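J.: I have a structure I would like to understand better, so I am pasting it below and will then ask my questions one at a time.
The values are calculated or read from the model by the stated rules, or taken from the named source; none is laboratory data. What you see is a predicted model, and the numbers here were worked out from it, not measured in a lab. Virtual Cβ from ideal backbone geometry, glycine too; neighbours counted across all protein chains shown. Ligands, DNA and RNA are excluded from the accessible area calculation, which covers all protein heavy atoms including side chains. Shrake-Rupley method; radii C 1.70, N 1.55, O 1.52, S 1.80 Å.
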There are 2 protein chains.
Amino acid sequence: MNKRYSLDEYIALINQKLDSCLPACSYGEPVVLEAMKYSLMNGGKRIRPILTLEFCRMCGGDIDDALAFACAIEMIHTYSLIHDDLPCMDNDTMRRGKPSCHVAYGESYALLAGDALLTYAFEYATKSALALTDPQCAVEAIKILSSCAGVSGMIGGQVVDLKSEGKSVSLDTLQTMDSLKTGALIKAAALMGTVIGKGSPEQKEAAVRYAENLGQAFQIVDDILDVTADEAVLGKPVGSDKESGKSTYVSLLGLEKSQRIADELTQQAIQSLDAFQDNGFLIELTKSLASRKN
Amino acid sequence: MNKRYSLDEYIALINQKLDSCLPACSYGEPVVLEAMKYSLMNGGKRIRPILTLEFCRMCGGDIDDALAFACAIEMIHTYSLIHDDLPCMDNDTMRRGKPSCHVAYGESYALLAGDALLTYAFEYATKSALALTDPQCAVEAIKILSSCAGVSGMIGGQVVDLKSEGKSVSLDTLQTMDSLKTGALIKAAALMGTVIGKGSPEQKEAAVRYAENLGQAFQIVDDILDVTADEAVLGKPVGSDKESGKSTYVSLLGLEKSQRIADELTQQAIQSLDAFQDNGFLIELTKSLASRKN
């Protein structure tokens, strides 16, 4: 059995690698690298890279082989947050308790920092692919990463999101949006891990099922936390997100039913982990994500 | 000797492939795909993809193997133009005689169309890599593409450009900026062709030398055309670009010296083609780029 890692060990490993993997500045203009690092090292939960490493490990693979892909997916997640926060998108001035990238560095540099993180994700993954003994697996992983991040995946979800702005939408549309916007990268994370770890076809299918259920549960819990946090802090009524007018699981289904569905999805995610022997860590992580308070 | 292609044949081949390679829309929101296609099929000169195909062919390779990489580099070039035109960057409302992407589709969709083209470049190249008999070569080509497009290449050049805005800069800074902003992708185009065509180490070096000289000559000719077009149309004085206050080769060196240097660089580019036997097409193309009128 492969060495197990604790949550803290995983986070430390990922942060150390992310902190050291950006290129050095060779032409005297470090500002965009600073902006990249500012957003990348901003204390994220690192769920996606942890999934990549743990699925690789559960398949019997060496997590060192998966580390570059784990970092790459976190770079892509970070770029998407930088671009999402821009004034022409959500116009969010804060991110994880700090000024967003464009507030700290200006819009032009934030735009370029996002572009650069997306590009570097592929550069870094490809460099690592050349070092692996089986480049075919690595190319397969890069294909998964690019297709899940692109217009048929995460970016597609952002388009559905933009189109729905200020409207109430159906539960179907909400599910499509979330499965693309949040779910696609979570699926890529899990699936890349099984590809690098040379999992069986059954394990790859199980990883996809796990990710689909986890991704949706994650989004519903987010919606619930938005409402309960508002209630706790501001005494706002439970219901639709009044500021944006956007439909959420809570506005469409109510708090109680949303919670029940989130619990069911979490159970289904955990069940799909039956395809892996040493699945204790991921069962615990999945439960803790379902019951998280922020 | 491999089958030769004329300029028109190359452009037709590339346009046909670019027009058909974008993914189909699966979730009912085609707007971002339309925006991608709007910018991609906007009558560009296709210099970068032609270089990839022709260097592959001159090395004895099959241009079908290089076609996906040729398309990928044009997608990256196109994304960079879309993002460069955005209000937070150059705020250009026209591009090649048509409204820029953000004018036609709005800022949010233009941002996402750029992100999606960049991502799809890697997806498309990677898919093609999996179909090649030698994935190692393909991974090498993707590494070149990502590193030349990123913060140590094209994006780095955009940062130097932003930093220089409204200032006069030294010839050194101008050369650094151009070698990154324009030169890096031209280098990637030529080098990817030799990698997919399995050129010799000498041919790879020659391709890099060719691209460096061509890239700089191209930029100087651009600067000269800006001034001579202004003179012809508006009677504006020759010299610095008064509107932006930016230094150009012409403002730093004068028209005559700029033209002499462009001619020298073109000659050097042509000389480096000695490393290839069947180099007639590229010699002609290089000459025509140096003497172009737009």
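J.: What is the magnitude of the charge dipole of the protein assembly as shown about its Cα centre, with +1 placed on the Cβ of each Lys and Arg, -1 on the Cβ of each Asp and Glu, and no other charges, expressed in debye to the nearest 20?
T.: My answer is approximately 200 debye.
J.: Provide Rg over Rh for the protein assembly as shown; use the alpha carbon set for both Rg and the Kirkwood Rh (inverse mean inverse pair distance).
T.: 0.99
J.: Taking beta carbons within 10 Å but only from partner chains, what does the mean come to for residues B:161-174?
T.: 1
J.: In nm to one decimal, list the spacings between the residue A:260 label point and its equivalents in the other copies, with label points set 7 Å along Cα to Cβ, shortest first.
T.: Label point to label point, same position, other copies: 8.5 nm.
J.: Taking the Cα centre of region B:7-289 as origin, sum charge times position over the Cβ atoms of Lys and Arg (+1) and Asp and Glu (-1), and report the length of that vector in debye to the nearest 20.
T.: Roughly 160 debye, rounded to the nearest 20.
J.: Calculate the mean, over all residues of peptide B:97-109, of how many other protein chain Cβ atoms lie within 10 angstrom of the residue's Cβ.
T.: 2
J.: Ordered shortest first, which distances in nm separate the 7 Å Cα→C-beta label point of residue A:16 from those of the other copies?
T.: Label-point separations across copies, in nm and ascending: 5.4.
J.: What relative contact order, as a whole-number percentage, does region A:1-113 give when Cα pairs under 8 Å and 6 or more residues apart are counted?
T.: Relative contact order, region A:1-113: 28 percent.
J.: Quick check: convex hull of the Cα atoms in region A:1-160, volume per residue, rounded to a whole Å³?
T.: Hull volume over Cα atoms, normalised by residue count, gives 118 Å³.
J.: In square angstrom, what is the accessible area per residue of chain B with a 1.4 angstrom probe?
T.: Per-residue accessible area for chain B comes out at 39 Å².
J.: What is the dipole size for region A:1-141, taken about its Cα centre, with +1 at each Lys and Arg Cβ and -1 at each Asp and Glu Cβ, in debye to the nearest 20?
T.: 400 debye
J.: Take residue B:284 and residue A:7, extend 7 Å from each Cα along the Cα→Cβ direction, and tell me the distance between the two endpoints in nm.
T.: In this crude spin-label approximation the distance works out to 6.7 nm.
J.: Could I ask something else about it? What total accessible surface area, summed over both chains, is buried at the interface between chains A and B, computed with a 1.4 Å probe and given in Å² to the nearest 100?
T.: 4500 Å²
J.: So for the protein assembly as shown, taking the charge dipole from beta-carbon charges (+1 Lys/Arg, -1 Asp/Glu), which of A:130, B:24, A:217 sits furthest toward the positive end?
T.: Towards the positive end, the residue furthest out is A:130.
J.: Ranking request for peptides A:31-37, B:68-74: highest mean number of other beta-carbon atoms within 10 Å first, then the rest in descending order.
T.: B:68-74, A:31-37
J.: Placing a label point 7 Å from Cα toward Cβ, how far apart in nm is residue B:170 from its equivalents in the other copies, listed shortest first to one decimal?
T.: Distances to the matching label points in the other copies: 6.4 nm.
J.: For region B:60-180, what relative contact order do you get, as a whole percent, if you take Cα pairs closer than 8 Å and at least 6 residues apart?
T.: Reported relative contact order: 22 percent.
J.: Can you give me the relative contact order of chain A as a percent, contacts being Cα pairs under 8 Å and 6 or more apart?
T.: 18 percent
J.: From the residues B:183, B:153, A:55, which one has its Cα farthest along the dipole of the protein assembly as shown in the positive direction, the dipole being from +1 and -1 charges on Cβ of Lys/Arg and Asp/Glu about the Cα centre?
T.: Farthest towards the positive pole: A:55.
J.: Shifting gears a bit: Give me the percent of accessible area attributable to carbon and sulfur for chain A, probe 1.4 angstrom.
T.: 49 percent
J.: At q = 0.08 Å⁻¹, what is the log10 ratio I(q)/I(0) for region B:7-289, with the Debye formula run over Cα points and no solvent?
T.: -0.34
J.: GNM, chain A, Cα, under 10 Å: largest mean-square fluctuation among A:215, A:193, A:245?
T.: A:245
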